[in-house]
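> Following this message is one structure expressed as structure tokens.
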Amino acid sequence: MTPESHPLTSDSPAGTDVPRPGPPPGCPAHGPGPGGLARLHRSDDLKKLYEELRAEHGPVAPVLVHDDVPLWVVLGHAESQQLVRSPAQFCKDSRIWSALRDGLVKPDHPLMPHIAWQPMCAHAEGEEHRRWRGAIDAAVAATDFRGLRRHVNRSVQRVVNRFCEAGEADLVGQYAEHLPMAVMCHVLGMPDAYDDRMVEAARDMIRGTETAIASNAYVMEALERLTARRRVEPLDDFAGHLVSHPAGLTDEEVSQHLRVVLIAAYEATANLLANVLRQVLIDPRFRSQLNGGQMTVPQAVEQLLWDEPPFSTIFAYYAKQDTELGGQRIRKGDGLLFAPAPANVDPRVRPDPTADMQGNRSHLAFGGGMHECPGQDIGRLIAEVGVDALLMRLPDVELDVDEDELEYTESIASRHLVSLPVRFTPRPQQDVRQRPSHQNESPPQQDWHIGAARPQPAPVPAPSAPAAPSGQRTAPAPRPAAVPAPEPGSVPPPQPTAEPVRPRGAWRRFLLWWRGY
């Protein structure tokens, strides 16, 4: 892009053809930036702004970010697909960005941590990308998802045990921000590194505070120690697979890619988990569908990936040549924001934004093309088990504030729920090896749910015999602990035992295996 001081046109954020007409008086889609372009970082309601930009410019709109740096934001679903699936036209190498080459983007620009080129697969292309991404994909493919499901359940037990006896909690600060980090530390191979400090460091890095650099150093030190250990003692974990991959990654390449995997998976999954739990708590229809079996937990997660993707926009793509996208003239070196949030509600693919999208995975929450999120199935699993297991532990959990009291922090990149205060019946802690349950004692389980044995009715005591007339013998009273004898051909009711004594049916065995037990 050329500097913003040039006249603006209707087809380029910084072209030189003809002046663009001024913005309509009072139109909130236009900030005070040059040419009346909207400043994304100044908006109090990005969802509303995106729709106003769509109405004015179509599926691709010119905008400004910090320091009035011009960018395109891609609002259309089809145009977003074209952006991420056209490596001959667009790439993620910011070194070709005109604004950076022309000095519009300073070294201390707030978005520099997101857009500065780094030697990792998220920014590379060609043979370099294939080498790094091949190692990441191989490590993901080696993941034992059945074992991971079991570990997520155990992590839920540990995290919920911290607050289950209190009868109240904040499901963002005490649950959604802790569970993904506990699981991802295990996946990478450093379960001992998970603690409150690691969670705080990750959140601090993402928020970009004054201490973000120190927090990044804390995380990197842990990952560098892990990489050094795996060089000496390779194990069957994510770090071990990266270290031993035939691509021959250096220690720096391994630790940097571990950081990307850890932080990206943590941020996306924490947001997704919080959003699904919020929807369960604020929408009785949504919760009744979930409880009534009309919607599974995986379908609920997929619905929220449409409605509230973990990342609103992803920085950034750059034009490798002059081209056209969404009716706009894109010049070589222009920067473009990939924006899943507005693309997911593109009226051309979703005329009714409130419609259920169950079973439809064509959303853009995890990107697409060669840079599509490699660990999306790990994130889905953490969110699915995290919702299901929490509702098993706390079935009567309710929102402790009015819905309109919930607060959010919003940036160009994402929208965060600040807190999710809830109340519930206080319950005792549970053994982390035990299946999450809302019973004080595990077996026998009385409340049936998918994947568990159906409860058996309690034995009905035999009625007392009527009093006999005077002079007649009466039958002896039954002994208090006696169980009525079964009638010929009947099967006596099963007695409570620590483990079921009858063999499990094939379907039940499959469900328990699928749920990680």
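> If a residue has to be part of a helix (DSSP H, G or I) and open to solvent by 50 Å² or more (accessible area, probe 1.4 Å) to count, how many in the stretch 168-196 make the cut?
5
> How do the helices (runs of 4 or more DSSP H) wholly within the stretch 209-303 filter down when requiring 1 or more residues that are under 30 Å from residue 403 (Cα atoms): which remain?
Because the criterion is at least 1 residues that are under 30 Å from residue 403 (Cα atoms), the helices (runs of 4 or more DSSP H) in the stretch 209-303 that meet it are 251-282, 284-292.
> Considering (1) under 22 Å from residue 199 (Cα atoms); (2) in contact (Cβ under 8 Å) with a residue 40 or more places away in the chain; (3) out of contact with any strand residue (DSSP E or B) (no Cβ under 7 Å at 6 or more places or on another chain), say which one residue 247 fails and leave the rest.
Going through the list (1) under 22 Å from residue 199 (Cα atoms); (2) in contact (Cβ under 8 Å) with a residue 40 or more places away in the chain; (3) out of contact with any strand residue (DSSP E or B) (no Cβ under 7 Å at 6 or more places or on another chain), residue 247 breaks only (1).
> Just to verify a result, which residue in the stretch 239-269, among those that are under 30 Å from residue 298 (Cα atoms) and open to solvent by 10 Å² or more (accessible area, probe 1.4 Å), is modelled with the highest pLDDT?
241
> Considering 74, 105, 60, which residue is farther than 16 Å from residue 342 by Cβ and at pLDDT 90 or above?
Of 74, 105, 60, the one residue that is farther than 16 Å from residue 342 by Cβ and at pLDDT 90 or above is 105.
> Does the stretch 431-440 contain any residue that is in a loop (DSSP other than H, G, I, E, B), buried (at least 18 other Cβ atoms within 10 Å of the Cβ), in contact with a strand residue (DSSP E or B) (Cβ under 8 Å, 6 or more places away or on another chain) and modelled with pLDDT of 50 or more?
Checked the stretch 431-440: no residue is in a loop (DSSP other than H, G, I, E, B), buried (at least 18 other Cβ atoms within 10 Å of the Cβ), in contact with a strand residue (DSSP E or B) (Cβ under 8 Å, 6 or more places away or on another chain) and modelled with pLDDT of 50 or more.
> Going by what's in this entry, would residue 322 be described as within 24 Å of residue 101 (Cβ to Cβ) and free of Cβ contacts under 8 Å to residues at least 40 places away in the same chain?
It is true that residue 322 is within 24 Å of residue 101 (Cβ to Cβ) and free of Cβ contacts under 8 Å to residues at least 40 places away in the same chain.
> Might you check whether a residue that is modelled with pLDDT of 95 or more and assigned to a loop (DSSP other than H, G, I, E, B) occurs anywhere in the stretch 148-163?
yes
> Would you call residue 199 open to solvent by less than 10 Å² (accessible area, probe 1.4 Å) and either in contact (Cβ under 8 Å) with a residue 60 or more places away in the chain or in a helix (DSSP H, G or I) (or both)?
Taking the combined requirement at face value, the residue satisfies it.
For every residue, the table says whether it meets (1) touching a Phe, Trp or Tyr at 6+ places or on another chain (Cβ under 9 Å); (2) more than 22 Å from residue 36 (Cα to Cα); (3) not in a helix (DSSP H, G or I).
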position: 54; (1), (2), (3): no, no, no
position: 95; (1), (2), (3): yes, yes, no
position: 107; (1), (2), (3): no, yes, yes
position: 130; (1), (2), (3): no, yes, no
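> Evaluate the following for residue 78: is it outside any helix (DSSP H, G or I) and small (Gly, Ala, Ser)?
Criteria not met by residue 78.
> May I pose another question? Residues that are open to solvent by less than 10 Å² (accessible area, probe 1.4 Å): which strands (runs of 3 or more DSSP E) entirely in the stretch 316-421 hold 3 or more of them?
In the stretch 316-421, 335-338 are the strands (runs of 3 or more DSSP E) which contain 3 or more residues that are open to solvent by less than 10 Å² (accessible area, probe 1.4 Å).
> Could you go through the stretch 118-141 and let me know if any residue there is over 30 Å from residue 371 (Cβ atoms), open to solvent by 30 Å² or more (accessible area, probe 1.4 Å) and in contact (Cβ under 8 Å) with a residue 12 or more places away in the chain.
No, the stretch 118-141 contains no residue that is over 30 Å from residue 371 (Cβ atoms), open to solvent by 30 Å² or more (accessible area, probe 1.4 Å) and in contact (Cβ under 8 Å) with a residue 12 or more places away in the chain.
> Let me ask something else. Could you say whether any residue in the stretch 302-309 is over 16 Å from the mean Cα position of the chain (by Cα) and at pLDDT 90 or above?
no
> Now, a different point. Give me the pairs, please: first residue somewhere in the stretch 156-177 and among the small types (Gly, Ala, Ser), second residue anywhere and part of a helix (DSSP H, G or I), beta-carbon distance under 6 Å, and either six or more positions apart or on two chains.
These pairs meet every condition: 176/270; 176/273; 176/274.
The values are calculated or read from the model by the stated rules, or taken from the named source; none is laboratory data. As the structure is a prediction and not an experimental result, all values here were calculated from the model. Cβ: placed from backbone, ideal geometry, glycine included. Neighbour counts: every protein chain shown. Protein only, heavy atoms only, side chains kept; ligands, DNA and RNA dropped before computing areas. Shrake-Rupley method; radii C 1.70, N 1.55, O 1.52, S 1.80 Å.
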